[in-house]
Each structure stands twice: as C-alpha cells, then as structure tokens.
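Remarks on the structure that follows.
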Amino acid sequence: TARTTVTTEEPKSESGGLVLIKNPHLDTMEEDILYHLDLGTRTHNLPAMFGDIKFVCVGGSPNRMKAFAQFMHKELGLEGSGEDLADICAGTDRYAMYRTGPVLSISHGMGIPSISIMLHELIKLLHHAKCRDVTIIRIGTSGGLGIEAGSVVITDTAVDASFQPRFEQVVLGDVVVRSTDLDRDLAEELLACSKEVPDFPTLIGHTMCTYDFYEGQGRLDGALCSFSSEKKLEYLKRAHEAGVRNIEMESTAFAAMCGLCGLKAAVVCVALLDRLEGDQIRAPREVLREYQQRPQRLIAAFIRRRLGLH
Ligand code: R2B
Ligand code: URA
C-alpha cells in the first residue's frame, strides 16, 4: 500500500514577484518544450511574447476562453473588434490560448489530470517569460450547494471530497499531500468588485473538488450508481455544513500548484443548478450561456479596476 507523505513545502514570498519554479532539474535543461501548448524556449521568444502578462484566466472550454479574450479586448478598450484574436496554441488541439493586452486566456479541459498538465506548462511558460506579479484566476462552472442557480461563488478554500483543504497525488508510488490555500485578500477584492456587477448573487464559500462529475459528486443519474438517494442527500448536507457552497473538478489542484509557485490565485465559478434540488442540468442553453458570462463579467470588472480603468 502507498505511504502518505505530508509535504511542508512553503511558497517563498521573497521572489520579487517572479514565478517560483520548484524543480532543480529545470535549470540543467538546454531547451524546454511545452509539448501540450506547442511552445518552447528554442522555438519561441517567450519573454517577448508573454513578459508583460499580468492576468492569466483559465477555464475548461476552449470556446469560452476565446469568448472571454474577445470580451476582455472590448472591456479594455483596445483597438479592433477582437474577433480576430489568434489561438497561440493552434498547433495543438489539446488547449487553446489567447492574449489581449496584459491578459492571457487559456482553456484547461475537464478534471484534475487535464488542468494539472496545462498548469505545469503554463507556470513554466510564465517563468521562462520572466513574468512578474501575475494574478491567476480560474473562471468556471459548478454545481451549487444550497444556493440559487446562477449564483457566483468565489472560493475561500478548495477542499477534497472529504471536505479537507488538501490535494493528494501519487508520486513515485507515495501519496504526496499539498495544501490548497488561496489568496484571502484577492477573494475579498473580487467580492468587492461584485458590487459593480449587481444583477446576480455573489458569495464567498468553500469549493469541493472531485475526480468525477457523476458518482464522485453524489449524482444518481450516471451510468453507474452505488448509493441511495438518502445517502446522497446525507453526503451533500454534510458538505454544506462543512462550508461547501459549490462542487467542481479542478480547484484543489489549481490552488495547490499555483500556491506553491507563488502565484496569487482565485477560483470564481457560477453554479448551474442547486444540487440539493437535483442532478440534471435542465436550464436552457441560452440561460446557461448567460450564467457562464457572469464570472467573466466579474473578472473584467476586477481587471479594469486593477488597471485603473474606472
Ligand atoms: C465544472 O464543469 C466541468 C464538468 O461539467 C468540470 O470541468 C468542472 O470543474
Ligand atoms: N460542473 C461540475 O463539476 N458539477 C456540476 O454539477 C456542474 C458543473
């Protein structure tokens, strides 16, 4: 059986705002190929392409992250319609990446393995590009817990399926445990910004991260289900009592990796439904589309405020 190793790696704060790469092997490499992004240190001038990036926004769907970049382009008052923004990772169809002004928008797919691959390469990219003082935000969808559909949850703590603030990963056969702290001040700053986009409820709460959308989130409507409706509700109510307000599939890995690399990170997800009321996502596509714009509108207000555009 696997041994458990609790790591006590602490992000160092005296990095001068640079990204901290916690890998001594990287220094010995003459070239770094960021395979899934179709970028590399020999083939691309990463400092010229990305050195002035200050905000990185990540989300599951490539189309949504393109739409976010186009929306940001308009919100920043930049020239042109933004309709013609090019996919920087066009050479691969694993992830899509767009930039406008100081904002980078990247898709991460669904689930921890997918976001984790993207974050390894993105964090190295920010390091190679010598970016400073980067804020990174995941904008996503989620299932709400005891909150109205369409509410936006700003995560204070990302917890696992046992409601613990930890991210576990098997490394060389051992379980490595990393903490999932997010930036408190950033969460409060985002909540303050939500007053500028007042037409939907925004709250701060714990976000539970699971390895599955169906059984892993206590759904009764998957291809398999090993529990009763009573057990499901008992679990979801316990999660709610532990402070969980929404459920998604990337936040613990995102918080752990960004935190250890010294990036100020936040998670902002809209709830597509209230899981205490059901499992299936029944809202019409048009309603869901508008829900998914809510985190984008909040982040646009935040970035504009940070840039003094108000
Ligand atoms: C939220 O939505 C996706 C599943 O529908 C998943 O990526 C997540 O975290
Ligand atoms: N994404 C999830 O992970 N769960 C939901 O219920 C909805 C979106």
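Subtract the Cα-Cα distance of GLU148 and THR43 from 0.36 nm times their separation in residues, and report this length gain in nm to one decimal. The partial results should precede the final answer.
Working: separation 105, 0.36 × 105 = 37.80 nm, distance 4.80 nm.
Full extension of this stretch gives 33.0 nm more.
Give a residue-ordered list of calculated ³J(HN,Hα) values for the range 15-31 (Karplus: 6.51 cos²θ - 1.76 cosθ + 1.60, θ = phi - 60°; whole Hz; x for Gly, Pro).
9, x, x, 7, 6, 8, 9, 8, 8, x, 5, 4, 5, 8, 8, 7, 9
How big is the C-alpha Rg of the chain next to the rule-of-thumb value 2.2 N^0.38 Å, as a ratio? Spell out each step's value before the answer.
Numbers: Rg = 19.2 Å, N = 310, 2.2 N^0.38 = 19.5 Å.
Ratio of Rg to 2.2 N^0.38 Å for the chain: 0.99.
Hey, what D do you get for the range 167-310 in µm²/s if you plug the Kirkwood alpha-carbon radius into Stokes-Einstein at 20 °C and 1.002 mPa s?
Details: Rh = 17.3 Å.
It comes out at roughly 124 µm²/s.
Quick one, can you get me the convex hull of the C-alpha atoms of the range 86-201 expressed as volume per residue in Å³? Could you put the intermediate results ahead of the total?
Numbers: hull volume 19.6 nm³, N = 116.
That works out to 169 Å³ per residue.
Which entries in LYS130/LYS195; LYS124/LYS264; LYS22/LYS124 show an alpha-carbon gap greater than 22 Å? List each step's numbers first, then the result.
Values: LYS130/LYS195 34 Å; LYS124/LYS264 16 Å; LYS22/LYS124 10 Å.
Pairs exceeding 22 Å: LYS130/LYS195.
Quick one: grab the alpha carbon gyration tensor of the range 40-99, order the square roots of its eigenvalues as a ≥ b ≥ c, and give me rounded if a/c is under 1.5, else prolate or oblate depending on whether a/b is larger than b/c.
On the way: a/c = 1.82, a/b = 1.27, b/c = 1.43.
Here the range 40-99 falls in the oblate category.
Cα atoms only, the range 1-158: Rg and Dmax in Å?
When restricted to the Cα atoms of the range 1-158, Rg and Dmax are 17.1, 58 Å.
Work out, step by step, the length gained on full extension between PHE163 and ASP133: first 0.36 nm times the residue separation, then minus their alpha carbon distance; give nm to one decimal.
Values: separation 30, 0.36 × 30 = 10.80 nm, distance 3.07 nm.
This chain segment gains 7.7 nm when fully extended.
Is the range 142-233 rounded, prolate or oblate when judged by the Cα gyration tensor, a ≥ b ≥ c being the square roots of its eigenvalues, rounded requiring a/c under 1.5 and prolate requiring a/b larger than b/c?
Values: a/c = 3.12, a/b = 1.26, b/c = 2.47.
Oblate is the answer for the range 142-233, as a/c is 1.5 or above yet b/c matches or exceeds a/b.
Sort the range 136-192 into rounded, prolate or oblate with this rule: let a ≥ b ≥ c be the square roots of the eigenvalues of the Cα gyration tensor; rounded if a/c is under 1.5, and if a/c is not under 1.5, prolate when a/b is larger than b/c, oblate otherwise. Provide the component values of the computation, followed by the final result.
Numbers: a/c = 2.66, a/b = 1.71, b/c = 1.56.
Prolate.
Could you grab the relative contact order for the range 166-288? Cα pairs under 8 Å, six or more apart, rounded to a whole percent. The partial results should precede the final answer.
Working: 123 pairs, mean separation 37.0, N = 123.
Once divided by the residue count of the range 166-288, the mean separation gives 30 percent.
Mean separation of Cα pairs under 8 Å and 6+ residues apart, divided by the residue count of the chain: what relative contact order is that in percent?
Relative contact order comes out at 24 percent.
Just want to confirm a number: the relative contact order over the range 58-131, from Cα pairs under 8 angstrom separated by 6+ residues, in percent.
Values: 92 pairs, mean separation 24.3, N = 74.
Result for the range 58-131 is 33 percent.
Give the share of C-alpha pairs in each 5 angstrom bin for the range 65-114, from 0 to the last occupied bin, in whole percents, shortest bins first.
Computed distribution, short to long bins: 4, 23, 29, 20, 13, 7, 3, 0.
Each reported figure results from applying straightforward, stated rules to the coordinates on display, with no laboratory input. As the structure is a computational prediction, the values presented were derived from the model and not from experiment.
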